[in-house]
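One structure is given below, encoded as structure tokens.
The values are calculated or read from the model by the stated rules, or taken from the named source; none is laboratory data. All values derive from a computational prediction rather than experimental measurement. Neighbour counts run over all protein chains shown; Cβ positions are idealised from the backbone, glycine included.
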Amino acid sequence: MSHSEDLPAGLRYLIEHGHAADGSHSDNTESTQGLVNPPHHNPTASDSVHRWMKQRAAADHQMQAAARARA
Amino acid sequence: MSGLPWPVLRQLTGPDHRALRTAAKSRQSAALQPRTVTADRVVKSICPYCGVGCAQNVYVRADKVVQIEGDPDSPVSRGRLCPKGSASLQLTTGSAREQHVLYRRPYGTDWERLDLDTAMEMIADRLIETRRQSWEWESDGKATRRTLGIAHLGGATLDNEENYLIKKLWTALGIVQVENQARVCHSSTVAGLGTSFGRGGSTTYLQNLQHSDCIVIEGSNFAEAHPVGFQWVMEAKARGAKIIHVDPRFSRTSALADLFVPLRAGTDIAWLGGLINYVLSEEKYFHSYVLHYTNAATIVTEKFRDTEDLDGLFSGLDPESGVYDGDTWQYEGAAAAAASGERDQEYDELTEGGSSVAESGQAHSHGSGGATVRGNWRRDETLRDPRCVFQILKRHYARYTPELVEQICGVPRQVFHQVAEWITENSGPERTTAFAYAVGWTQHTVGSQYIRTASILQLLLGNIGRPGGGIMALRGHASIQGSSDIPTLFDLLPGYIPMPHAHQHETLDKFVEADAADRGYWANMRSYLVSLLKAWWGPHARPENDFCFDYLPRITGDHSTYQTVQAQLEGTCKGYFLMGENPAVGSANAKMQRLGMANLDWLVVRDFSLIESATWWKDGPEIETGELRTADIGTEVFFLPAAAHTEKSGSFTNTNRLVQWHHQAVSPSADQRSDMWFSYHLGNIIRRKLAGSADEADRPVLELQWDYPVIGAEAEPEAEAILAEIGGWNADGEPLSTYEDLKDDGSTSCGCWIYCSIYSDGVNQAARRTPHPRQDTAATGWCWAWPMNRRELYNRASADPSGKPWSERKKYVWWDEEQGSWTGLDVPDFPAGKRPDYRPAEDALGIDAIAGTDPFIMQADGRGWLYAPAGLVDGPLPTHYEPQDSPFENALYKQRRNPVRILKPDRHNRYHPSGSDPGSEVFPYVLTTYRLTEHFTAGGMSRWLPYLNELQPELFCEVSPELATERGLRHRDWATLVTARGAVEARVLVTRRMVPLRVQGRTVHQIGMPYHWGPNGLSRGDAMNELSAIALDPNVHIQEVKALTVDIRPGRRPRGPALVAFIEQYQQRAGITAQTGMEMVTP
């Protein structure tokens, strides 16, 4: 692998090794944020949305009929 | 920290002898602690500025945002934020944000306070009244079911869910003039990439640039306009890639490139055409890729005549209507699409010879479905037939020699050869070259063809669908891609389904007949549309009423944002919604934007601060010149403060189609609300006011599915429910997992078919956040990309026809014989089980007609299009034309400019004499415009932030030392730039970054100028768009603002009425009349 000489050494090290030379990403397989951050908030699903979807579909009688006809 | 009080004592007695750490720390500093430490939670978010989509951690303490930092888990940004992203704490929590509704009554001289509920009721009343007064059931005897009395602008800075609600509500109300920043930034990208490859989005993704062996950045200042994304270019450079920057102006991108190529603004087609000619004449193309994956071998009808035959025109131009009839561009054996095939006398009369259809933005609809071509065409696998695409291409570009490139672009031949060698050496089975561009390519009267030229070059080099290859369209707004996909655009429905045309799409069947292909995935368009109609009208959409297809208002030509301005000036458009967009500064010919608004009955502005589009009636430039008087302006203005990205949940779609969710961190204050809240509650108020109406016009909005769950004290609609509607469900209310499951019988619902599966398994796929260190380059566990979470489009092309990688070094997606499926480092963009040796039957339809060797599955022939037999209105091949205003003649043809460009004649929109025309010497310099790292588009999200304005406090223009000498300009003094439209003043920056070029035997000077300023905010200045004209690309109505002609002189501009006289004097000197620059075909 060739490198351009004008890149900072730190960036070159990061690219070659996959982690920073200063050891700030010492465990490269896990998020490092747990070390410094309070708990994060990232929900990916909502029960109320699931219920609402089912209600919307159930209220659409043409949709139900089309699905039955297809079956 | 040591207890010693004096730093010098600590330095001498402690371990920090060089005073680099604790010894230098003051007592105050020692007492400080990071804001992050005091937070009680972190909320995952996405930066609201440009299209890179950097992930953010929003730190919250006691329901207040206390800090915003980059999220290290993101595979896109890896924790970094640029100056704008870093300033987003100030954007969201700063004191410049308006808290309350403001109201300007007709003829009023100042703002008044109004409570939010009253304002919402008043806005609903205005809308209902204007709609009633301007309702139009038909036009020229064809049903239109619409109002042209109301228009909307804005959406690229909004969430997908907001755009979805806006488009849904406005469409149900019959409002067709719905537009956003995507029109004026990247609409030509959609047309150019879409007709070439079948989809209008970036073919690759930012992280994939690290695998490039050569990157050409052209029409973009990547390092400054998309700084965090630029890290992937630097990664490639560190791995040995060659970086080339082609641009009129030297910038930080140039400084980091291996080669900077200055060229004359507005000449990129000649430059790229020269490279195409080099590749063809030197036989440097990737033969197997070209033969198997492009339409190089397809035979074109003998009726076709090229620009080489007709001195700059293609065959089929009707000089009366100014429209090309594309019949002569077709493949031999291909039937013309139904839209033109059905043409009869009545059709021609109603559409003015087809011009209203040509103007209706059909090219924009190829964002996810190629142009319609039907029939059986012939191929010559030897590529020798004189009528095969390959030979036509060779002839078309044969005169684009290095000498001609030098003559047109001002690029020396040796520099041309250097670039040609680097891109060809770095393309082929073992190596790949990528192109990256931004609005330097898109904003021209031939913008769509700019993108086409790069597409042709990349197809010839075999660089599409492969790691490190592709074309990276760099988008400048957080969700400008999303606002095209889920469009607040007049010519599109969600998923790039075209808005129906009154004279073309009278029934659902006619619509499908006209626009759906019969091969490839676009053949399933009926299922996509019916599922959309089910999402909007639910049980009311039934087979017996064409699934409410009639509820869709019809377009009859151009209803784009610039046409809207004309309609405002003419008095037909009376009400205007602006949501997160500032046309009084950011749109071409800013004066006409303001004059249009001054002729409205009412205007609703939703933004963070009092942008120029909200205050023009009080303190706009026309007030100063006396052209308008506040007390004479009847426009009623409502200003409603908007919620920030931290105050609402929703998704942005970044520059490479990646849909990323941001969560609400805190509630908005006072009257601040999301655009989702505004649209939803306005819809409810309108429905309440119209309840019980027997008027047939009201039925679509009353039957609209508008029952979203709400959360919080403000009754915010639940964004995830809207996302779920967009993603689609079946009759059991279960989320869909693929658009292949969509049906045309009403048994499925899906608000945007290309986003189908974004809620698969009941999971908000756009909110997934697997940290990048745990993933490969594609990082498919981070959020979700359309379509179907595929990151590199057309990646079937990364394998050879037999399904094996072209090389070990460039392996990406390949056929696994044992598994009987495609596999690899990304989600395959191909039917998973379709074998490479699959060949369709002759009468096969739909996806069955796509062979196992056809990577471009959205194209009717499965091929990348070197030649576009359909889809664009200005030609099947890109051809060099001069910009609307140019100091030069076209060195290639008699035909100067794009013969079918769109012009808007108006006394405030005069064009310049060009080339050898008398008077052209009055405007001898080329002006090009650009973005700064520290500012954002028309300034609404940057000119009110102290951090950013300290960094970039003033409008300036960049000129070369030679031009400074020629015009007596002094560094840091003032200069005035003048066009026939206006004059602006700016500080002079004399710099060698601007290089004078030799073009056609003489020197041409170019001037660079950012476009962010306006009269309001913390740093104030003239708006660059006072200078620009409305001259548009005919495919998508994007304006030409990257190559203008101007004059420049030292000193400040005149004030007051003297400014108007100053412009008039310039017009007189140049002999400008209403006819100047208006000729379409050069006599």
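For every residue, the table says whether it meets (1) facing chain B (nearest Cβ under 7 Å); (2) touching a helix residue (DSSP H, G or I) at 6+ places or on another chain (Cβ under 7 Å); (3) modelled with pLDDT under 70.
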| site | (1), (2), (3) |
| --- | --- |
| A:G18 | no, no, yes |
| A:P39 | yes, no, no |
| A:N42 | yes, yes, no |
| A:W52 | yes, yes, no |
| A:A59 | yes, yes, no |
| A:Q64 | yes, no, no |
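crowded, with 18+ Cβ neighbours inside 10 Å, farther than 24 Å from A:R56 by Cβ, modelled with pLDDT of 95 or more and of a type in the set (D, E, K, R): does that describe B:E696?
Details: crowded, with 18+ Cβ neighbours inside 10 Å: no; farther than 24 Å from A:R56 by Cβ: yes; modelled with pLDDT of 95 or more: yes; of a type in the set (D, E, K, R): yes.
Considered against the rule, which asks whether it is crowded, with 18+ Cβ neighbours inside 10 Å, farther than 24 Å from A:R56 by Cβ, modelled with pLDDT of 95 or more and of a type in the set (D, E, K, R), B:E696 comes out as no.
Looking only at residues in the stretch B:736-747 that are surrounded by 24 or more Cβ atoms within 10 Å (Cβ to Cβ) and within 8 Å of chain A (Cβ to nearest Cβ), the one that is farthest from B:V763 (Cα to Cα) is B:G746. Out of B:L903, B:L927, B:L955, I need the residue that is more than 24 Å from the chain's Cα centre (by Cα) and at pLDDT 95 or above. Which one? Result of the check over B:L903, B:L927, B:L955: B:L955.
State whether the residues of the stretch B:700-719 include one that is away from every other protein chain (no Cβ under 14 Å), among the acidic types (D, E) and surrounded by 22 or more Cβ atoms within 10 Å (Cβ to Cβ). No - not one qualifying residue is present in the stretch B:700-719. Inclusion of B:A799 among residues that are crowded, with 20+ Cβ neighbours inside 10 Å, at pLDDT 95 or above, out of contact with any Phe, Trp or Tyr (no Cβ under 7 Å at 6 or more places or on another chain) and within 20 Å of B:S212 (Cβ to Cβ) is not warranted. Taking residues in the stretch B:214-238 that are on the phi > 0 side of the Ramachandran plot, and partners anywhere that are in a helix (DSSP H, G or I), the pairs with Cβ atoms closer than 8 Å and at least 6 places apart or on different chains are B:G219/B:D268; B:G219/B:V439; B:G219/B:G440; B:G219/B:W441; B:G219/B:T442; B:G219/B:Y450.
Rundown of residues vs (1) free of Cβ contacts under 8 Å to residues at least 24 places away in the same chain; (2) within 14 Å of chain A (Cβ to nearest Cβ); (3) of a type outside the set (D, E, K, R); (4) at positive phi, yes/no style:
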| position | (1), (2), (3), (4) |
| --- | --- |
| B:G14 | yes, no, yes, no |
| B:T22 | yes, no, yes, no |
| B:P34 | no, yes, yes, no |
| B:A55 | no, yes, yes, no |
| B:D63 | no, yes, no, yes |
| B:R78 | no, yes, no, yes |
| B:P83 | no, no, yes, no |
| B:H100 | no, no, yes, no |
| B:T109 | no, no, yes, no |
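Of the residues making up the stretch B:766-779, just one is without any contact (Cβ under 8 Å) to a residue 60 or more places away in the chain and within 18 Å of B:G727 (Cα to Cα), namely B:R768.
Per the conditions (1) over 30 Å from B:V233 (Cα atoms); (2) touching a Ser or Thr at 6+ places or on another chain (Cβ under 8 Å); (3) in a loop (DSSP other than H, G, I, E, B), the sole criterion not satisfied by B:V52 is (1).
For the stretch B:152-166, the set of residues classified as hydroxyl-bearing (S, T, Y) and either within 15 Å of B:N654 (Cβ to Cβ) or in a loop (DSSP other than H, G, I, E, B) (or both) consists of B:T157 only. Taken over the stretch B:424-453, the residue count meeting the criterion of being among the aromatic types (F, W, Y) and outside any helix (DSSP H, G or I) is 2. For the stretch B:65-76, the candidate set comprises residues that are buried (at least 24 other Cβ atoms within 10 Å of the Cβ) and of a type in the set (A, V, I, L, M); within that set, the residue that is nearest to the other protein chains (Cβ to nearest Cβ) is B:I68.
Whether any residue in the stretch A:3-15 is facing chain B (nearest Cβ under 7 Å), at pLDDT below 75 and in contact with a strand residue (DSSP E or B) (Cβ under 8 Å, 6 or more places away or on another chain) is what I want to check. Please lay out each step first, then the result.
The first filter runs over the stretch A:3-15 and keeps only residues facing chain B (nearest Cβ under 7 Å), leaving A:3-4, A:7, A:11-12, A:15.
Checking the rest, the ones that are also at pLDDT below 75 come to A:3-4, A:7, A:11-12, A:15.
Of the ones still in play, those that are also in contact with a strand residue (DSSP E or B) (Cβ under 8 Å, 6 or more places away or on another chain) are none.
No, the stretch A:3-15 contains no residue that is facing chain B (nearest Cβ under 7 Å), at pLDDT below 75 and in contact with a strand residue (DSSP E or B) (Cβ under 8 Å, 6 or more places away or on another chain).
Please go through the stretch B:462-485 and give me each residue that is under 13 Å from the mean Cα position of the chain (by Cα), part of a loop (DSSP other than H, G, I, E, B) and of a type outside the set (S, T, N, Q), ordered by number.
We begin by selecting, within the stretch B:462-485, every residue under 13 Å from the mean Cα position of the chain (by Cα); these are B:472-485.
Next, only the ones that are part of a loop (DSSP other than H, G, I, E, B) stay: B:474-481.
Residues satisfying the conditions are B:L474, B:R475, B:G476, B:H477, B:A478, B:I480.
Let's see how each residue does on (1) of a type in the set (G, A, S); (2) within 27 Å of the chain's Cα centre (by Cα):
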| site | (1), (2) |
| --- | --- |
| B:L702 | no, no |
| B:D707 | no, no |
| B:L723 | no, yes |
| B:G728 | yes, yes |
| B:K743 | no, no |
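Tell me yes or no: at least one residue of the stretch B:1008-1016 is more than 22 Å from B:Q443 (Cα to Cα), modelled with pLDDT of 95 or more and within 27 Å of the chain's Cα centre (by Cα). Yes: the stretch B:1008-1016 contains one or more residues that are more than 22 Å from B:Q443 (Cα to Cα), modelled with pLDDT of 95 or more and within 27 Å of the chain's Cα centre (by Cα). Counting only residues that are surrounded by fewer than 24 Cβ atoms within 10 Å (Cβ to Cβ) and on the phi < 0 side of the Ramachandran plot, which one in the stretch B:748-764 is farthest from the other protein chains (Cβ to nearest Cβ)? Looking at residues that are surrounded by fewer than 24 Cβ atoms within 10 Å (Cβ to Cβ) and on the phi < 0 side of the Ramachandran plot, I get B:S760. Here is a list: B:E224, B:E235. Which entry is modelled with pLDDT under 95, of a type in the set (D, E, K, R) and surrounded by fewer than 24 Cβ atoms within 10 Å (Cβ to Cβ)? Selected residue: B:E235, the only one of B:E224, B:E235 that is modelled with pLDDT under 95, of a type in the set (D, E, K, R) and surrounded by fewer than 24 Cβ atoms within 10 Å (Cβ to Cβ). If we scan the stretch B:670-689, do we find a residue that is within 14 Å of chain A (Cβ to nearest Cβ), in contact (Cβ under 8 Å) with a residue 40 or more places away in the chain and among the small types (G, A, S)? Looking for residues that are within 14 Å of chain A (Cβ to nearest Cβ), in contact (Cβ under 8 Å) with a residue 40 or more places away in the chain and among the small types (G, A, S), one finds none in the stretch B:670-689, hence no.
Screening B:G266 on (1) within 28 Å of the chain's Cα centre (by Cα); (2) surrounded by 20 or more Cβ atoms within 10 Å (Cβ to Cβ); (3) on the phi < 0 side of the Ramachandran plot shows it passes everything except condition (3). Residue check: B:V659 meets all listed conditions (1) of a type outside the set (S, T, N, Q); (2) within 14 Å of another protein chain (Cβ to nearest Cβ); (3) over 31 Å from the mean Cα position of the chain (by Cα); (4) buried (at least 19 other Cβ atoms within 10 Å of the Cβ) but one, namely (3). Within the stretch B:92-126, the set of residues being part of a helix (DSSP H, G or I), closer than 30 Å to B:F230 by Cβ and in contact with a helix residue (DSSP H, G or I) (Cβ under 8 Å, 6 or more places away or on another chain) comprises just one member, B:T92. Considering only residues that are of a type in the set (A, V, I, L, M, F, W, C) and closer than 19 Å to B:S212 by Cβ, look in the stretch B:774-784 and name the one that is nearest to the other protein chains (Cβ to nearest Cβ). Among residues in the stretch B:774-784 that are of a type in the set (A, V, I, L, M, F, W, C) and closer than 19 Å to B:S212 by Cβ, the one nearest to the other protein chains (Cβ to nearest Cβ) is B:A779.
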